[in-house]
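What follows is a set of notes on a single structure, which appears directly below.
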């Protein structure tokens, strides 16, 4: 096969526009082909930038160290609940919010990774009211685009409160979200009040500055270095958090791309940054929820 062109920021920006604005795969592939010269190269590059739905999990679904089940809660919501098999007492609880493709295998894997750290973890499927996450990720993005933000936030708050009252929970709840889910976690921090003790949005859209004073949770904010669309909102959010006296830390990882934590995307995953951010995330959640 002909050697692929180097993946450039322009290619990644095209993909970001496709996945977060247009959801028009035909237009994306046409423009990418024009950029790289051949449809063969465009197909190969698109696969490297995209998340791989069939990538192997870091923590297998049948890992004997864990127990899991699908649960229902709230208004037609479902979720993947997972916890350490050896747990004897009540556990700190964490909601994990998926990206804009729905509750895909990668997010269930992330939930299992957190559970191995000693948490009761719920990964809701925010597409459940529409029939659940489909296998086709383009369809999943289209369905995400049809969700109404206020209802999503309401369902997220319902998930937090469901976890807070769960028999295995110690009553302290945190939330971690990625991409679309990072924005959901930011909005949940506004809406859940004192029911949410900690929030960790990864490269998530920020809430309106005028709502920031409602946040009671401690925040740990992770951002990519090369993510113009999301990073444009950092200064106003940072100022609003400081003005409201909300305890927070902000980390930006130089040279990384949006979705740098997703180990199923070959071109955008950055192991060094992902490991650093994950270590900070786990440490913060253990400190605030124990």
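Can you give me the Cα centroid spacing of region 141-196 and region 100-122 in angstrom?
Value for the Cα centre distance between the two parts: 14 Å.
Give me the number: length gained by fully extending residue 210 to residue 90, i.e. 0.36 nm times residue separation minus the C-alpha to C-alpha distance, one decimal in nm.
So the extension gain works out to 39.6 nm.
Just rank 77, 130, fewest to most, by other beta-carbon atoms within 10 angstrom.
Sorted ascending by nearby Cβ count, the order is 130, 77.
Please order 28, 126 by the number of other Cβ within 10 Å, starting at the fewest.
If I rank by nearby Cβ atoms, fewest first, I get 28, 126.
Report, in degrees rounded to the nearest 10, the 0 to 90 angle that the Cα long axis of helix 137-146 makes with the longest principal axis of the chain.
60
Between region 1-78 and region 228-278, what is the separation of their alpha carbon centroids in Å?
Using only Cα atoms to place each centre, the spacing works out to 19 Å.
Taking the Cβ of each residue in 258, 248, 106 as the centre, tally the other Cβ atoms inside 10 Å and list the residues starting with the fewest.
Details: 258 28, 248 19, 106 23.
Lowest count first: 248, 106, 258.
For labels at residue 30 and residue 244 in the simple 7 Å Cα→Cβ model, what's the distance in nm?
So the label points at residue 30 and residue 244 sit 4.3 nm apart.
7 Å from Cα along Cα→Cβ at both residue 75 and residue 130: what's the point-to-point distance in nm?
1.5
For the Cα atoms of the chain, what angle does the longest principal axis make with the long axis of helix 180-192, in degrees from 0 to 90, nearest 10?
Once rounded, one gets 30 degrees.
On a 0 to 90 degree scale, rounded to 10, what angle separates helix 234-244 from the longest Cα axis of the chain?
10
According to the square roots a ≥ b ≥ c of the eigenvalues of the Cα gyration tensor, what is the shape class of region 153-290, taking rounded for a/c under 1.5, prolate for a/b larger than b/c otherwise, and oblate for the remainder?
Verdict is oblate for region 153-290.
Can you give the helix-only mean residue ellipticity at 222 nm for the chain, where every DSSP H stretch with n ≥ 4 adds -39500 (n - 2.57) and the sum goes over all residues, rounded to the nearest 500 deg cm²/dmol? Numbers along the way, then the final one.
Working: 10 runs with 117 residues, N = 290.
Theoretical 222 nm ellipticity from helices: -12500 deg cm²/dmol.
Sequence gap at least 6, Cα distance under 8 Å: using those rules, report the relative contact order of the chain to the nearest whole percent.
Value for the chain: 15 percent.
Rounded to the nearest angstrom and ordered from largest down, what semi-axes does the equivalent ellipsoid of region 1-130 get from its C-alpha gyration tensor (root of 5λ)?
Square roots of five times the eigenvalues give 37, 17, 11 Å.
Using per-residue counts of other Cβ atoms within 10 Å, averaged over each peptide, order 222-228, 52-58, 205-211, 186-192 from highest down.
Numbers: 222-228: 19.3, 52-58: 13.0, 205-211: 16.9, 186-192: 24.9.
Put in order of decreasing packing, that is 186-192, 222-228, 205-211, 52-58.
Any read-out appearing in this document is the output of simple, stated calculations on the displayed coordinates, not a laboratory observation. All values derive from a computational prediction rather than experimental measurement. Neighbour counts are summed over all protein chains in view; Cβ atoms, including those assigned to glycine, are modelled from backbone coordinates with ideal geometry.
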